[in-house]
Amino acid sequence: MTASALTRPGERDRISSKLAELDWRVVGLLCVLAGIGTAMLYSIAGGHWDPWAWKHLLRFGVLLVVMIGLAMVHPKWWFHAAYPLYGLLLFMVLLIEFTPMGYVAGGAKNWLNLGFIRIQPAEFVKIGLVLALARWYHGHSAQDARWSWKLLFPLGMIGVPFLLVAKQPDLGSAMVIGLTGAAVMFMAGLSWRVIAAAAAAAVAVIPPFVMFVMHDYQRNRVLTFLNPEADPSGTGYNIIQSKIALGSGGLLGKGYGLGSQSQLEFLPERHTDFIFSTVSEEFGFVGSFTVLVCYTALILISLRIASLSHSHFGRISAAGMTAFLALFVLINGAMVMGLAPVVGVPMPLLSYGGSTMMTVMIGFGLILSTHVHRYVELPKGQGLF
């Protein structure tokens, strides 16, 4: 279908036309990954749908419909909602910190108890941050994006939620927020000199940050990452068991439902943080490589969608959403392989968990919306700041 056909009066408002414009490769890859996740959750539960597999599949089915619905939304609504949504999510994070509505789970006060439901605002802050940054960059010049005092505003947008979430303390979510913001600034055209200076400063500040700012348990995670064999039955247990599971699968794996580390519960958090280790144990290098190929294809297609958008807001927002998906995969993959400290970042669509799946599916709803409305141009305007 040509651009002129897409822009005929009334054509874009027809749901059937928009559905035809969906990138079904993205939908298919999401279904494949969620299907693999469901199969692995079924396996590690000993061949039972309870307690994880059926919930995982049900959540995905509901969120798949939500994602397709969000893909139908015109970019102008995403654009107008960017700042209000960012502000609302920051407010929710503040409620956790300063009101009794904050709920402690897993050693971190990072849940908001609304009575009828508990949610983890830090997961959704990533979406609000990407949209807010995309709106800011949409209204500013390439020179402002490259190097300008005005960059203090996007830095503030990134820094405030990063610090609030890190204080909870939720180091994994804070890391993803900070790196996602940095990725957006990079893709928006930040000067290479600034990037090099920031990287050097980050390397210089890591040692004092680890020694004097981190909580004791967070510092232990870093020390365990450097030498897990120092306490093999204590702090090093998780990563050692993960490495055993990864290595024992060999080329083709032990077979579906036959992974000893996961089936006998040697592998901790096998249904969440370390589910990729279970894939490697049962399906070997071939299985884990296939999963990574699916993620890679999803990331490349999403970046292609971002590059084809006619609006700067669409390009930045879709690329930003792709960035945080890529960060989830990279951090979790490095974590289970012992190449990064264990920080509680799940593998998207494979790991069990509602908040992360909802965040990822909403993000892909925006990416698909960018594809469906790729010929739409939003007025430049200077926006806020």
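Summary table
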{"quantity": "Pairs with Cβ under 7 Å, 6+ apart, first in segment 159-178 and closer than 17 Å to Leu133 by Cα and modelled with pLDDT of 85 or more, second aromatic (Phe, Trp, Tyr) and open to solvent by 40 Å² or more (accessible area, probe 1.4 Å)", "calculated": "Ala174/Phe162; Ile177/Phe162; Gly178/Phe162"}
{"quantity": "Residue in segment 70-81 that is farthest from Arg14 (Cα to Cα), counting only those that are open to solvent by 40 Å² or more (accessible area, probe 1.4 Å) and of a type outside the set (A, V, I, L, M, F, W, C)", "calculated": "His80"}
{"quantity": "Qualifying residues in segment 18-64 (those that are part of a helix (DSSP H, G or I), of a type in the set (Phe, Trp, Tyr) and over 19 Å from the mean Cα position of the chain (by Cα)) - the one farthest from Val291 (Cα to Cα)", "calculated": "Trp54"}
{"quantity": "Options Ile244, Ile239; residue that is at pLDDT 85 or above, in contact with a Pro (Cβ under 8 Å, 6 or more places away or on another chain), among the aliphatic types (A, V, I, L, M) and not in a loop (DSSP other than H, G, I, E, B)", "calculated": "Ile239"}
{"quantity": "Selection status of Ile301, assigned to a helix (DSSP H, G or I) and open to solvent by 10 Å² or more (accessible area, probe 1.4 Å)", "calculated": "yes"}
{"quantity": "Search result, residues across segment 242-253 that are free of Cβ contacts under 8 Å to residues at least 60 places away in the same chain and buried (at least 22 other Cβ atoms within 10 Å of the Cβ)", "calculated": "Ala245, Gly249"}
{"quantity": "Of all residues making up segment 342-385, the number that are part of a helix (DSSP H, G or I), within 28 Å of Asp170 (Cβ to Cβ) and open to solvent by 10 Å² or more (accessible area, probe 1.4 Å)", "calculated": "5"}
{"quantity": "Matching option when the condition is within 21 Å of His310 (Cα to Cα), open to solvent by 40 Å² or more (accessible area, probe 1.4 Å) and modelled with pLDDT of 85 or more, among Trp24, Trp54", "calculated": "Trp24"}
{"quantity": "Within segment 82-126, tally of residues that are surrounded by fewer than 13 Cβ atoms within 10 Å (Cβ to Cβ) and of a type in the set (Val, Ile, Thr)", "calculated": "3"}
{"quantity": "Filter result for Leu339 (aliphatic (A, V, I, L, M), surrounded by fewer than 24 Cβ atoms within 10 Å (Cβ to Cβ) and assigned to a helix (DSSP H, G or I))", "calculated": "no"}
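The values are calculated or read from the model by the stated rules, or taken from the named source; none is laboratory data. Worth saying up front: this structure is predicted, and the values here are computed from it rather than measured. Cβ coordinates were reconstructed from backbone atoms using ideal geometry, including for glycine residues, and neighbour counts include every protein chain displayed. Accessible surface areas use protein heavy atoms only, side chains included; no ligands, DNA or RNA. Shrake-Rupley method; radii C 1.70, N 1.55, O 1.52, S 1.80 Å.
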